[in-house]
Amino acid sequence: MTETKCYGHGVDIARNGHVALRSGAGRGAPLHAGGSMRRDAKFLRGLIAALILSAAALPAQVAKSAESDLDQLTRVSQRLALAPDFRPIDEAAGGHATKSTAALRSFLATHDGTWSIHVDALSGHIGSLSGSGIAWIPGDGNALSLEDLDPLLAGKSEVDLEVLDRRARLAMPTIAEMFGFDPSSLVLGQGRSGNPAPHVWFVDYDVTVGGHVVEGARVVFSVNNGNLVSIDSENLPDRSVSLPPTRISRDQAEAILATYVGGFLPSDEFHDRGSFHLLPANRLAPTAGGRLAPGAGRGVVGVWDLVFEREGVLGTWRARIDAETGSIEEFTDINAYGRIQGGVIRTDGRPADSLLPMPYAEYGSGLYSNPAGIFPGTSGTTALNGQFVRIVDSCGSISRSADAGGTISLGQSASGTDCTTPGVGGTGNTRSARTQFFHLNRASDMGWGWLPSNPWFVSQLRGNVNLNGTCNAFWNGSTVNFYRSGGGCANTGELPGVALHEWGHGFDQNDGNGAPPEKGSGETYGDWTSSLVLHDSCVGRSLRGSNCGGYGNPCTSCTGSRDINWGKHADNIPSTPANFTYPLCPIATNGYYGPCGLWLWSNGFGLGIEGHCESLVSSEAHWDFVNRDLPAPGSRGAWSIAERTWFGSRSTARSQFQCTYNGNTLVSNGCNTGSAFRVLRTLDDDNGNLADGTPHGGAIAAAFARHGIACSSLAGWNTTRVAVAPPPAPVLSATPGNNSVQLAWSGSAGRYDVFRNELGCSFGFQRIANDVTTTSLTDPFVANGVTYYYQVVAHPAGNEAASSAPSACVAAMPTAGPPIPCSPNSSTLCLNQSRFRAQVSWRTPQGQAGSGQAIPYTTDSGFFWFFNNTNLEMMIKVLNACVAPWNKFWVFHAATTNVEYTLTVTDTVTGAVKTYFNPMNHAATTVLDTSAFATCSATAGEPESAETLAASAAFDAISASELSESVDSQAAQKVMRELADLEAAFAARTGAPVDPNSTGAGSVLLGLEEEIVEHGEANPAPEGGPLACTNLPQALCLNSSRFRATVNWRTPQGQSGAGQAIPYTSDSGFFWFFQSTNLEMMIKVLNACVAPWNRYWVFHAATTNVEYTLTVTDTQTGQVRTYFNPLNHAATTILDTQAFATCP
């Protein structure tokens, strides 16, 4: 079996099965038992040949199958395979550090503190140095002032990049001796240098030889809170190297390539017909069997780049021809695979379209809408050729004009895929076109919010959708590309996770320092970008109809390309290069290597390990950081830290980790320049001293050490230390207006960053305002009728590393002019005389998502179900408390679920919005929000009765007479007769006397329950057999009438009674306590009498804080479960999956 193809970087769409790197190897098995390393290399080369010969028999999980003649020609020379090998100075082998010893001693004698030093094993010089910090520029980490920098400022009033360049060059003589470079060869790399966060500066230099930049060689100075905390290098050539002679012309290089590929075709399209590049080059040891020579340093090689595409052959092909010798150093496919409004797929799982703005869409020549899709005037036409994103749909053209009211509506597709359209806007107005236009724009908005000086975010990106072919998506160096459905795969353009992954590849290439030299880090870049936005570990969920193969460690709940949560794989073990990459990852035959594969190839093993597979190690580490190791794992606060440290470190990030082979297994760490571990620590540090730890240093260390890619030789590598106390989280409010939202916050101090999205509180946010000094902000870039979600983070001026937790997530829906009335529909409840709109969206741990389906009950209350209409999940009521002392509208809700949900309640008179969020895998918390809407002054209507309000708030209680009056007289008489019969039967069986004063309030049932409880939960039924369940005003009969549920309540004033029952389905029902229109409790008993549970489950939730005891009885066995809520305690949702072990 062969896999479905994914080319280059990308979604890696594979079938079942895998090819192991080692024949017969399990997790952690060696390359080859016994023998020398050279023998291992022979063994592996033989294994490659065997795998190629048996490709038809062995299913593979690789990035791209070699199907075309060009694929078969793929090659990368060993000397261009630049794999880092940094070692702690005390572990560096024979004499590696001797070249830097004298300069290093001088540096350490001058600069006190703790310093961690790593040697570049290939050059023999210092490769990186980090630690306590050196006072560099004025900042919170030192006592410097601008006067101390006066000679460097040259009349400037503040520090900028030019000043930092002068500062670094003053220190370069000693540093250059340690690192082995010529200071005069360094030129500032403008794209990588800058101030990505107020407390961080990167001063990043290119290395030149003969006036040409050596691509991939650099020296970087990192400054945190005013202190120089690290100096790092990458791929530095020897100072003695000179520019190689150019003996091969551009035309000769093209002829060499033509011969290599069997001639060019008339349809071949060239993107580059020969540009000159100077690259670092490994030096091979002639006596080491083709392996690298430690300490020999690096040279340089000049190459001609030629790049072309061939019609009918998937790929963008780059050749690199040695300009001195004419040798072909590389031939590879460089593809990275992996108001105007319209229907957009919000998230993975392929839910129905949501009507969202088309941001920055064109409405005329050179005319573009704002971020909310709003444009001036009432006429215009769009083809989704926007300011920052252009969509080209293979299904046809796109064109939609404004209607009479000035709205350009591209419509929604109720169903269908590929070339299905809403019937307007042209044959290219597909779900894929609209979805890509929205998400690509919002991804760039998110990046721009953190890195506004990056020009890629404000250039136009082309997205090609509905390409002929299936199971593919890729980045080709300039465009993102998505395929139609088929071959067992969904349309990749209809999956936001795939879109964000491919956009991530583009960002990787355009983050200022280019893509890393190996491909595994790029795959992590794409996968983590997707997860940062969607908060889903399954990348491209619903891509296929079955779970992903996981490279031999199958996914358990992911139908996408990969799951980066190791807990959702069959082995349930954190992946490391030693226990996962080594035994399970396949061989790459196309140069698409990960960090370990690149090192193996560069060291003469004749093979490399496939990059998509290798990426799981580092991707899982990032997922762990947020969802296992940070405080409040998986919370918005944890994701906020991840967004800040990720985006802020992009311009200096390179390979996620480094990897070598020790003769038995792969050995890895995160000590290399630009590793994920090191750059995250730099952004996280709050005091300009890496040696004493960082605010989240323990979490970073735990996450990356778990996967074998931390750097334990760094001082303070696993220390959590908060040097600067963060301010408290702001308290945020949002008031919607006409195409605007007014934000205000309080309770904190410092500077403020404001964040927004349209997807929900559990998704990634775009930073829309940075370093705000006031406590209010008007957001004018929003559209009426769309719900927006906001949060605010506070931090000290100039130190985002000391950021507060985010404020509560607050939603607002802008409204134009007259209020938009509530219209009930399948997903909307209209409550309290239809003034309030209630809607809920949900998401499961498996990534399924949808809208709650509404069931109205009274004018004030109703329910939602998520999965089927017999299984209610949520109960909600909105009460009018517009009387003293409350003067509010109240929102009470409870849910019997642990899925993630966001409940949104909107006051349609004022536009005010309240949202309530339940995180994933958390039993829903009952919410009794008596401060929900302070909007009584806006046509409040008639308030609830004082009795209802008092009872609902547990401030007072209604009388027994009022309770009895709420029961229909005929129904009450019927109940009395049934209770009398039941009481007589009970007395006959137990000998208990009949109470002549029984009022039918449940005393008989209570007596029976108390007798059972007294003898324990497993007490058998009374003699004479179990007492059958009969629906009564105070009893529900659930799960085919096997289980009896009753509830008794008590208020703070001592009033008490029995809950009044309302059956709903055979499994579920409700109780009210004070008034029949005011439901208090929802309960369901579910039959889970199948493996692995073999139980009956009891789920219940209540919107009350009075004391109550819920009693559930299995009438077949007499077993009883009771659930107690104490007085003045908001009821806790109970999801009791161990309730009754009495199956069947």
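The values are calculated or read from the model by the stated rules, or taken from the named source; none is laboratory data. Since we're looking at a predicted model, the values are computed, not measured. No Cβ is skipped: glycine too gets one built from the backbone with ideal geometry, and neighbour counts run over all protein chains shown.
A quick yes/no check of all residues on (1) surrounded by 21 or more Cβ atoms within 10 Å (Cβ to Cβ); (2) at pLDDT 95 or above; (3) within 39 Å of the chain's Cα centre (by Cα):
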| residue | (1), (2), (3) |
| --- | --- |
| Thr174 | no, no, no |
| Asn195 | no, no, yes |
| Pro198 | no, no, yes |
| Trp201 | yes, yes, yes |
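Here Val782, Val772 are screened, and the one residue that is under 28 Å from Phe755 (Cα atoms) and buried (at least 21 other Cβ atoms within 10 Å of the Cβ) is Val782. Within region 661-678, the set of residues being in contact with a His (Cβ under 6 Å, 6 or more places away or on another chain) and of a type in the set (Lys, Arg) is empty. Checking each residue in region 749-773 for being of a type in the set (Gly, Ala, Ser) and more than 19 Å from Ala638 (Cβ to Cβ) picks out Ala749, Gly750, Ala769. Region 76-161 holds strands (runs of 3 or more DSSP E) entirely within its bounds, and those carrying 3 or more residues that are surrounded by 19 or more Cβ atoms within 10 Å (Cβ to Cβ) and either on the phi > 0 side of the Ramachandran plot or not charged (D, E, K, R) (or both) map to 115-120, 126-135.
Here Trp566 passes the criteria (1) within 17 Å of the chain's Cα centre (by Cα); (2) surrounded by fewer than 24 Cβ atoms within 10 Å (Cβ to Cβ); (3) more than 30 Å from Ala121 (Cβ to Cβ) except the one numbered (2).
For Ser1041, the criteria (1) modelled with pLDDT of 85 or more; (2) in contact with a strand residue (DSSP E or B) (Cβ under 8 Å, 6 or more places away or on another chain) hold in every case but one, which is (2).
Checked against the criterion of being of a type outside the set (A, V, I, L, M, F, W, C) and closer than 16 Å to Arg218 by Cα, region 128-143 has at least one qualifying residue. Selection of region 809-833 for residues being among the small types (Gly, Ala, Ser) and buried (at least 19 other Cβ atoms within 10 Å of the Cβ) yields Ala811, Ala812. There is at least one residue in region 794-806 that is under 30 Å from Val223 (Cβ atoms) and acidic (Asp, Glu). Scanning region 1100-1110 for residues that are buried (at least 23 other Cβ atoms within 10 Å of the Cβ) and part of a strand (DSSP E or B) yields His1100, Ala1101, Ala1102, Tyr1108, Leu1110. The residue list Leu306, Leu236, Leu278 contains one member that is buried (at least 16 other Cβ atoms within 10 Å of the Cβ) and assigned to a loop (DSSP other than H, G, I, E, B), which is Leu236. Looking at the structure I just gave you, is Ala808 hydrophobic (A, V, I, L, M, F, W, C), within 15 Å of Lys914 (Cα to Cα) and not in a strand (DSSP E or B)? Taking the combined requirement at face value, the residue satisfies it.
Okay, residues lined up against (1) within 17 Å of the chain's Cα centre (by Cα); (2) more than 26 Å from Gly670 (Cα to Cα):
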position: Phe482; (1), (2): no, yes
position: Ala490; (1), (2): no, yes
position: Ala499; (1), (2): yes, yes
position: Glu523; (1), (2): yes, no
position: Asp527; (1), (2): yes, no
position: Ser531; (1), (2): yes, no
position: Gly550; (1), (2): no, no
position: Thr556; (1), (2): no, yes
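When region 1037-1057 is filtered for residues that are in contact with a Leu (Cβ under 8 Å, 6 or more places away or on another chain) and part of a strand (DSSP E or B), the ones remaining, listed by number, are Arg1044, Ala1045, Thr1046, Val1047, Asn1048, Arg1050, Gly1057.
When region 162-183 is limited to residues that are of a type in the set (Asp, Glu) and part of a helix (DSSP H, G or I), the one that is nearest to Ala109 (Cα to Cα) turns out to be Glu177.
Taking region 1068-1099 as the range and being surrounded by fewer than 19 Cβ atoms within 10 Å (Cβ to Cβ) and not in a strand (DSSP E or B) as the test, the residues that pass are Ser1076, Thr1077, Cys1089, Val1090, Ala1091, Pro1092, Trp1093, Asn1094.
Condition check ((1) buried (at least 16 other Cβ atoms within 10 Å of the Cβ); (2) part of a loop (DSSP other than H, G, I, E, B); (3) modelled with pLDDT of 95 or more) across all residues:
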{"site": "Pro371", "(1), (2), (3)": "yes, yes, no"}
{"site": "Ser379", "(1), (2), (3)": "no, yes, no"}
{"site": "Arg390", "(1), (2), (3)": "yes, no, yes"}
{"site": "Ile398", "(1), (2), (3)": "yes, yes, yes"}
{"site": "Gly405", "(1), (2), (3)": "no, yes, no"}
{"site": "Gly411", "(1), (2), (3)": "yes, yes, no"}
{"site": "Gly416", "(1), (2), (3)": "no, yes, no"}
{"site": "Cys419", "(1), (2), (3)": "yes, yes, yes"}
{"site": "Asn429", "(1), (2), (3)": "yes, yes, yes"}
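Which count do you get for residues in region 770-788 that are part of a strand (DSSP E or B) and either acidic (Asp, Glu) or under 10 Å from Val741 (Cβ atoms) (or both)? Of the residues in region 770-788, 5 are part of a strand (DSSP E or B) and either acidic (Asp, Glu) or under 10 Å from Val741 (Cβ atoms) (or both).
Give me the residue from region 309-325 that is in a loop (DSSP other than H, G, I, E, B) and over 36 Å from the mean Cα position of the chain (by Cα) and, out of that set, modelled with the lowest pLDDT. Once the filter is applied, the top-ranked residue is Glu311. Based on what the data block shows, is Ser748 among the hydroxyl-bearing types (Ser, Thr, Tyr), farther than 30 Å from Gly670 by Cβ and not assigned by TED's automatic domain parsing to the domain that holds Asn921? Criteria met by Ser748.
Considering every residue within region 727-740, establish whether at least one is over 19 Å from His795 (Cα atoms) and under 18 Å from the mean Cα position of the chain (by Cα). No - not one qualifying residue is present in region 727-740.
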